[in-house]
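K.L.:
Before I ask anything, let me first share the structure, which is written out below as structure tokens.
The values are calculated or read from the model by the stated rules, or taken from the named source; none is laboratory data. None of the values given here were measured: they were computed from a predicted structure. Don't worry about glycine lacking a Cβ; one is built from the backbone with ideal geometry, like all the others, and counts go over all protein chains shown. Just so you know, the surface numbers come from the protein's heavy atoms only, side chains and all, with ligands and any DNA or RNA stripped out. Shrake-Rupley method; radii C 1.70, N 1.55, O 1.52, S 1.80 Å.
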Amino acid sequence: MCSQKIIIGRRDLLFILTGAGVSAESGIPTFRGVNGLWNNFRIEELANPAAWARDPELVWKFYSYRRRTAAPCRPNPAHLALAEVERQLGERYFLCTQNVDDLHERAGSRRLVHMHGELFKSRCESCDREPFDDHSEYESQSAIPRCHCGGKIRPHICWFGEVPFEMDRIYYELERCTVFGVIGTSGVVYPAAGFIHAVNQRRGIPVRSFYVGPEPPANASSFTQTFVGNAGNVLPDAIFCE
Ligand code: OAD
């Protein structure tokens with residue numbers, strides 16, 4: 001049980017940012033925790049356009065592994081609690097996730113954007129064909145499919161050095177929210193790590209902010225409230241909608 005509460009008033013607009021920690025209790029390892037390395041590679045070494053240009057087979061092996069391990073995972077009480085808050089707040093709720101898994105959707109969340117892309121979608125590296133649903137695993141160079149334009153099919157992921165998705169929508173929601181909550185992110189990867197500074201520096205509408213996670217993030221001092229604990233333990237009791 002969590003004794004502290006975050007009260008969402010009848011006129012509040014809630015912006016939630018989630019990171020890998022929200023899916024940790026579902027069995028998906030965080031990036032910078034134990035088991036965060038894949039075959040001794042750090043995420044930054046594989047998730048970038050240069051790695052794709054040099055060795056697309058290695059990059060697809062990594063994302064195939066991530067598809068394989070994420071597919072059987074199930075939403076945990078934190079995902080479910082957030083979906084319930086969305087059900088109560090409707091259009092006064094907005095979820096921005098850095099996660100590429102689909103556990104928020106599978107818990108029932110609908111008003112969300114995946115700023116770093118989606119693990120179970122692929123797209124063409126060359127043309128502007130729409131990203132499409134794809135659960136396949138590609139383990140060799142010859143298995144990597146080609147688009148009708150000739151380009152290779154790549155994961156629909158925002159890699160280091162690329163621009164995250166839906167930034168206009170995200171900044172619109174950051175401008176208008178009155179409560180800003182962050183769950184399970186280490187606060188070291190930008191632009192998401194800077195959202196708390198963006199809302200704190202806004203003029204006009206005051207904002208309340210909170211962080212939920214087992215340890216304080218790099219930007220901890222910027223939050224109004226911090227809940228130390230696992231998201232699945234803290235969230236179901238912490239948010240109260242009037
Ligand atoms: P990190 O692995 O950097 O941080 C995970 C955070 O979750 C840490 O602060 C943990 O303390 C916290 N955590 C662990 N277990 C938790 C739990 N049960 N409940 C709540 N919090 C918990 O992951 P991110 O900050 O999400 O980008 O990483 C940001 C980005 O870096 C990712 O989206 C990914 C990566 O490179 C791309 O792939 C582009």
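K.L.:
Restricting to the stretch 1-36, give me the number of residues that are under 14 Å from the mean Cα position of the chain (by Cα), modelled with pLDDT of 95 or more and either among the acidic types (Asp, Glu) or open to solvent by 40 Å² or more (accessible area, probe 1.4 Å) (or both).
P.N.:
Going through the stretch 1-36 one residue at a time, the tally reaches 1.
K.L.:
Whether any residue in the stretch 80-94 is open to solvent by less than 50 Å² (accessible area, probe 1.4 Å) and within 15 Å of the ligand (Cβ to nearest atom) is what I want to check.
P.N.:
yes
K.L.:
Let me ask another. Test residue 123 against the stated conditions and say whether it is assigned to a strand (DSSP E or B), charged (D, E, K, R), at pLDDT 95 or above and open to solvent by 20 Å² or more (accessible area, probe 1.4 Å).
P.N.:
Here the answer is yes, as residue 123 does meet what is asked.
K.L.:
I've got another one for you. Condition first: assigned to a strand (DSSP E or B), modelled with pLDDT of 95 or more and out of contact with any helix residue (DSSP H, G or I) (no Cβ under 9 Å at 6 or more places or on another chain). Can you find one or more residues in the stretch 96-117 that meet it?
P.N.:
Within the stretch 96-117, one or more residues are assigned to a strand (DSSP E or B), modelled with pLDDT of 95 or more and out of contact with any helix residue (DSSP H, G or I) (no Cβ under 9 Å at 6 or more places or on another chain).
K.L.:
Take residue 162 and decide whether it is of a type outside the set (Phe, Trp, Tyr) and in contact with a strand residue (DSSP E or B) (Cβ under 7 Å, 6 or more places away or on another chain).
P.N.:
No; evaluated as a whole, the condition is false for this residue.
K.L.:
Additional query: Do you know which of the residues in the stretch 197-209 that are under 20 Å from residue 113 (Cβ atoms) and in contact with a strand residue (DSSP E or B) (Cβ under 6 Å, 6 or more places away or on another chain) is nearest to the ligand (Cβ to nearest atom)?
P.N.:
In this case the residue turns out to be 209.
K.L.:
Select, from 157, 183, the only residue that is under 13 Å from the mean Cα position of the chain (by Cα), within 30 Å of residue 224 (Cβ to Cβ) and not hydroxyl-bearing (Ser, Thr, Tyr).
P.N.:
Among 157, 183, only 183 is under 13 Å from the mean Cα position of the chain (by Cα), within 30 Å of residue 224 (Cβ to Cβ) and not hydroxyl-bearing (Ser, Thr, Tyr).
K.L.:
A follow-up question, please. If I filter the stretch 203-211 for residues that are open to solvent by less than 10 Å² (accessible area, probe 1.4 Å), of a type in the set (Ser, Thr, Tyr) and farther than 15 Å from residue 97 by Cα, do I get at least one hit?
P.N.:
yes
K.L.:
Here is a check on your reading of the model: is residue 146 touching a Phe, Trp or Tyr at 6+ places or on another chain (Cβ under 8 Å), over 25 Å from residue 212 (Cβ atoms) and modelled with pLDDT of 95 or more?
P.N.:
No: the conditions fail for residue 146.
K.L.:
Still on this structure, I have one more. Starting from residues that are touching a Phe, Trp or Tyr at 6+ places or on another chain (Cβ under 9 Å) and outside any helix (DSSP H, G or I), keep the ones in the stretch 44-79 and report whichever is least open to solvent (accessible area, probe 1.4 Å).
P.N.:
Once the filter is applied, the top-ranked residue is 47.
K.L.:
If you go through the stretch 214-232 one residue at a time, how many are open to solvent by 30 Å² or more (accessible area, probe 1.4 Å), outside any loop (DSSP other than H, G, I, E, B) and either within 7 Å of the ligand (Cβ to nearest atom) or farther than 15 Å from residue 193 by Cβ (or both)?
P.N.:
Within the stretch 214-232, residues that are open to solvent by 30 Å² or more (accessible area, probe 1.4 Å), outside any loop (DSSP other than H, G, I, E, B) and either within 7 Å of the ligand (Cβ to nearest atom) or farther than 15 Å from residue 193 by Cβ (or both) number 3.
K.L.:
Given (1) closer than 14 Å to residue 6 by Cβ; (2) of a type outside the set (A, V, I, L, M); (3) surrounded by 20 or more Cβ atoms within 10 Å (Cβ to Cβ), identify the lone condition not met by residue 184.
P.N.:
Exception for residue 184: condition (1).
K.L.:
Can you tell me how many residues within the stretch 146-175 are part of a loop (DSSP other than H, G, I, E, B) and either surrounded by 13 or more Cβ atoms within 10 Å (Cβ to Cβ) or within 15 Å of the ligand (Cβ to nearest atom) (or both)?
P.N.:
11
K.L.:
Take the residues in the stretch 136-145 that are of a type in the set (Ser, Thr, Tyr) and touching a strand residue (DSSP E or B) at 6+ places or on another chain (Cβ under 9 Å), then tell me which one is most open to solvent (accessible area, probe 1.4 Å).
P.N.:
136
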